[in-house]
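Following: one structure in structure tokens, then a few remarks.
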Number of protein chains: 2
Amino acid sequence: MVGTTDQTLRPFLWRAAKLYPDREIVSRTHEGLSRTTYAAYDRRVARLANALDDAGVSRDARVGTFCWNHTRHFETYFGVPCRGSQLHTINPLLPDHHVQYIVENAADELLFVDPSLVESLESAATDADGAFDAVEQFVVMGSDVPETSLDPVTDYESFLADDETYDWPDLDEERPAGMCYTSGTTGKPKGVEYSQQTMWAHTMGILPEAGLDLRASDVVMPVVPMFHVMAWGLPHAVTAAGGKHVYPGPAPDPADIARLIEDERVTFTAGVPTVWLGLLDYLEENDADLSSLERIAIGGAAAPESLIREYEESYDVQVLHAWGMTETSPVAAAAHLKPGMESWPAEKRDRKRVKQGLVLPGLEFKVMGEEGEIPWNGEDFGELWIRGPWVTTEYFGRPEANETDFVDGWLKTGDVVTVDPEGYIQIVDRAKDVIKSGGEWISSQELENAIMAHDDVTEATVIGVPHEKWQERPVAFVVAREGVGGGPLMADIRDLLAEDYPEWWLPDDVVYVESIPKTATGKFDKKVLRDEYADHEIDDVPEEAAPEEE
Amino acid sequence: MVGTTDQTLRPFLWRAAKLYPDREIVSRTHEGLSRTTYAAYDRRVARLANALDDAGVSRDARVGTFCWNHTRHFETYFGVPCRGSQLHTINPLLPDHHVQYIVENAADELLFVDPSLVESLESAATDADGAFDAVEQFVVMGSDVPETSLDPVTDYESFLADDETYDWPDLDEERPAGMCYTSGTTGKPKGVEYSQQTMWAHTMGILPEAGLDLRASDVVMPVVPMFHVMAWGLPHAVTAAGGKHVYPGPAPDPADIARLIEDERVTFTAGVPTVWLGLLDYLEENDADLSSLERIAIGGAAAPESLIREYEESYDVQVLHAWGMTETSPVAAAAHLKPGMESWPAEKRDRKRVKQGLVLPGLEFKVMGEEGEIPWNGEDFGELWIRGPWVTTEYFGRPEANETDFVDGWLKTGDVVTVDPEGYIQIVDRAKDVIKSGGEWISSQELENAIMAHDDVTEATVIGVPHEKWQERPVAFVVAREGVGGGPLMADIRDLLAEDYPEWWLPDDVVYVESIPKTATGKFDKKVLRDEYADHEIDDVPEEAAPEEE
């Protein structure tokens, strides 16, 4: 055994406050723009830690936040874990029953809540049937308390203690330090715990070029919400780098985002594709100076190639496609170009950039098909398995999920991917949606995208329906444009698909529906369709509904 | 406790071999230039691991290397630790009795040795009085074995097994993986062990901008020997980044270095100041294309400002001053400019660049004077204490040194430093050389440098001589230029020093000597002088040999 010091978060902030005391932390807030420095921030973090002591919050408590992206929320990012507690960021956009489940499951002792989200939290806390029993205190992120049924409640500025120093404990690196819940499109949300060590490792993992390449000169604005896997780890990593932070505040619209980029000279920002599509739309009608902006990291969903190209060609901004999950802290892959690829023709280059990319140094992955690891040819696909120092190997208190989702320390991601010969991963489907026909896999997402490209289709989804001989066969559900007849469209769709896919991939039936059922977060709810159509009879199955034997 | 995967070295190589299979590893060797790829290298590493199995080397063995910088040596960097053993790099330039002590203390089971170093190793192994008893096998780094008394001995190419795959074990991150000995200018060399985790953390620590900023596009040539703290961790970190490696082989001269930079398009190189002074001299007389070279990391000793400026102005190469020790894995600080400093006037900027710099993210330091932490004003100084995930907290089997060199997990570095208001560290002395006069410290190095600036002085050193009232007082030892008389020079020196230093700093005596005693590595041996002059009487002590009370 070799002696060393534990991997903990505190030294990152210590260093920023000592070496970059005047570097700024800027935030759009309910009350306008706030502006502080690492040195002042560090003192506020100490006041917060003292306040948690004064409030009797136990050292190993979980402390929840129900907040947008702003400096006070950022204060909890160091104040809570560095005193030894666990920061639990809660998604305020979830339905009440999910919030109730999460708060109960995590047994949060104290909840921080934004003024504009007090009503949502009240709604979840009312008739919560004991789910909020562990919560001993609500703190509203402002300098006063609105009329509310939350009780006991105080405002953040009154809550803070006066003492601007804190005797930070030397923590064990295995100590739990953070917690997030998966969005839970099926079943109950699953809790993922982060330790001081996993957060340290993720921070170090995303700093280098192969990660997000964060530098002291960067001005970083996380548009990705701080309740989405800790804003992809940016608040901690930007602090480690000594960069400037810009937080866009509650529910920023494209005008807010454009103004902050221009005013604060943002160099790096990050968020889901819809945000950046929205900004492009805004920029078509409005002027904004984006000249400081160098890079946008996009994740959470696939970024269209047109989006990547538009930012590069019109604004000289490089889009970095990144991939991760709650279970991977989250950043696990990024679609960096390799040395030499910069000089490729734009189209060939962009075919790499739209992929989920290259796994980060320190992690390992494999892609498992029905018969073991698939070849890296960009065509075969299987489920992505991943492991590493910032990938979890278990869910919080969910032994039944641990049985199915982990194997020998590998996380079965549930994403079905291809790997091309250069090692770039691309997601083609979710494992639960992939259609298993005769021992081979068909990507439901690819078929859906192809069908939705048809002018007369407004929505489409494809599921696997049980089949005696072939295990499953694809059936498509289509919402047609108003006034379009069914018969000819079905033939059209099959012709369209036949151009790009083998016979055995083609849906054996196309069912016309008024609308496709959706989940709370707006995704197609295939589970409902699968239950409803479990006994759907298919007549038109091809003779060989699997690839020919070689 | 939060479940995760251990931090180990193997995934770095796995990733490079899978994602950068064709990226090159080039090496100057005894037999000319060798050239391979990560994919082929990975297979050789597997053959090496199999060979160690076949040779009966135990899993938890220490395996020593006595080698220059080349690909075969690099193969041991992953082959040895990834099978679970401990890589122990031995400095072949040490005197025999140090090599004997080190090999005995580490109990190396097997030694790899370069053909050109066989004689040195033979010399140490002869009459070694049992020091080599644990060594069961010598392997010469080539394809044949020279005439030698080393026994049993084989050549590396015959030693390698045929099997190009290896069933790499999942290792505990706390498992010892590496070992180096401090150079031991006083007393016996002290062993520092590295674990899988500390090497992982150091690798991640030096990848980002705040470290050495290593990128996939970099072509990295470590001129710093691989027996000097693992070539500052570059072989592992360049692999993690997916960069190209260039190894300069046995005893490279400036012509070798210039040719490799030119031919292999090196972008980043690293070594001690003398190497880069030598290259500048060479370039004055010879042509070489250095246009690919972007950065040189310099460490091991302070780089003169003129050197930094010459590379920047004449070759557009940025010199990065870095600092570390065997105990810190080694890189712990680097003199990066902060945002905004790039536009400073060159002289002001270079005053930052000559310092040891900013401590890396993840580490913490403090500077301890006689009365606690010193202020960060660039003038006061004290001993640098440091701690963090890649800083050791103990020496191997040396409880007496652990008592004196570590306090509560902090490493007392033995370096006396100032810290300026921007947080840049600068070494002013070694702790054992600093002169303690009336509770205040005087830097012996500063006085020496000032005295040596006198035209009539060829060598000078300053030590503290015990003094009843003031504890110690400075005495200078001077070697004068031939034909220069003593008396007037002494007055000159005092006048010279009085310009820049307070009265109480001035040496109370200047002793003329024929030569100054030196250590085996060519440094002034102050210990000999201190012993000899312990009773030296000083008449000319000022009335107040300490700063005035404020």
Extreme residue, nearest to residue A:14 (Cα to Cα), among residues of segment B:384-395 that are of a type outside the set (Lys, Arg) and within 9 Å of chain A (Cβ to nearest Cβ): B:388
Any chance residue A:495 is surrounded by fewer than 17 Cβ atoms within 10 Å (Cβ to Cβ), touching an Asp or Glu at 6+ places or on another chain (Cβ under 9 Å) and more than 26 Å from residue A:518 (Cβ to Cβ): no
Sort out which residues of segment B:1-32 are within 25 Å of residue B:265 (Cα to Cα), modelled with pLDDT of 95 or more and in contact with a strand residue (DSSP E or B) (Cβ under 8 Å, 6 or more places away or on another chain), and write them in order of number. B:15, B:19, B:21, B:22, B:23, B:24, B:25, B:26, B:27, B:28
Residues satisfying the stated conditions in segment A:206-223, i.e. touching a Phe, Trp or Tyr at 6+ places or on another chain (Cβ under 6 Å) and either under 21 Å from residue A:424 (Cα atoms) or crowded, with 24+ Cβ neighbours inside 10 Å (or both): A:220
I'd like to know if segment A:349-356 contains one or more residues that are farther than 26 Å from residue B:207 by Cβ, away from chain B (no Cβ under 14 Å), in a helix (DSSP H, G or I) and more than 18 Å from the chain's Cα centre (by Cα). yes
Could you run through segment A:175-193 and say how many residues are under 15 Å from the mean Cα position of the chain (by Cα) and either of a type in the set (Lys, Arg) or farther than 20 Å from residue A:93 by Cβ (or both)? 1
Looking at (1) touching a Ser or Thr at 6+ places or on another chain (Cβ under 7 Å); (2) at pLDDT below 95, can you tell me which one residue A:155 breaks? (2)
Is it the case that some residue within segment B:234-242 is within 19 Å of the chain's Cα centre (by Cα), surrounded by fewer than 23 Cβ atoms within 10 Å (Cβ to Cβ) and either more than 26 Å from residue A:7 (Cβ to Cβ) or of a type in the set (Gly, Ala, Ser) (or both)? no
Matching entry among A:122, A:109, A:157 (being closer than 30 Å to residue A:195 by Cβ, over 24 Å from the mean Cα position of the chain (by Cα) and either free of Cβ contacts under 8 Å to residues at least 60 places away in the same chain or buried (at least 17 other Cβ atoms within 10 Å of the Cβ) (or both)): A:109
Do you know which residues across segment B:333-348 are buried (at least 22 other Cβ atoms within 10 Å of the Cβ) and in a loop (DSSP other than H, G, I, E, B)? B:335, B:336
Checking B:294, B:284, B:305 in turn, the sole residue that is surrounded by fewer than 17 Cβ atoms within 10 Å (Cβ to Cβ) and in contact with a Phe, Trp or Tyr (Cβ under 7 Å, 6 or more places away or on another chain) turns out to be B:294
When residues of segment B:358-383 are filtered for being within 13 Å of chain A (Cβ to nearest Cβ), surrounded by 17 or more Cβ atoms within 10 Å (Cβ to Cβ) and in a loop (DSSP other than H, G, I, E, B), how many remain? 5
Count - residues of segment A:261-296 that are polar (S, T, N, Q) and either in contact with a strand residue (DSSP E or B) (Cβ under 6 Å, 6 or more places away or on another chain) or over 24 Å from residue A:235 (Cα atoms) (or both): 3
Residue B:308 at pLDDT below 95 and over 30 Å from residue B:406 (Cα atoms): yes
Which condition from (1) under 19 Å from the mean Cα position of the chain (by Cα); (2) surrounded by fewer than 16 Cβ atoms within 10 Å (Cβ to Cβ) is the one that residue A:417 breaks? (2)
A careful count of residues in segment B:3-33 that are more than 19 Å from residue B:82 (Cβ to Cβ), out of contact with any Pro (no Cβ under 7 Å at 6 or more places or on another chain) and more than 9 Å from chain A (Cβ to nearest Cβ) gives 8
Applying the selection to segment A:396-415, what residues are part of a loop (DSSP other than H, G, I, E, B) and either more than 14 Å from chain B (Cβ to nearest Cβ) or closer than 14 Å to residue B:4 by Cα (or both)? A:396, A:408, A:409
Scan of segment A:460-471 for residues that are without any contact (Cβ under 8 Å) to a residue 60 or more places away in the chain and either surrounded by fewer than 19 Cβ atoms within 10 Å (Cβ to Cβ) or over 21 Å from residue A:526 (Cα atoms) (or both), ordered by number: A:468, A:471
Tally time: how many residues in segment B:498-529 are farther than 13 Å from residue B:460 by Cβ, among the hydrophobic types (A, V, I, L, M, F, W, C) and crowded, with 18+ Cβ neighbours inside 10 Å? 3
So residue A:140, is it free of Cβ contacts under 8 Å to residues at least 40 places away in the same chain and within 27 Å of the chain's Cα centre (by Cα): yes
Which residue is farthest from the chain's Cα centre (by Cα), if the candidates are limited to segment A:278-320 and must be among the charged types (D, E, K, R) and in a helix (DSSP H, G or I)? A:285
Filter segment A:260-272 for residues that are over 24 Å from residue A:21 (Cβ atoms) and surrounded by fewer than 19 Cβ atoms within 10 Å (Cβ to Cβ); the one that is nearest to the other protein chains (Cβ to nearest Cβ) is A:262
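The values are calculated or read from the model by the stated rules, or taken from the named source; none is laboratory data. This is a predicted model, so every value here is computed, not measured. Note that each Cβ is placed from the backbone with ideal geometry, even for glycine, and that neighbours are counted across all protein chains shown.
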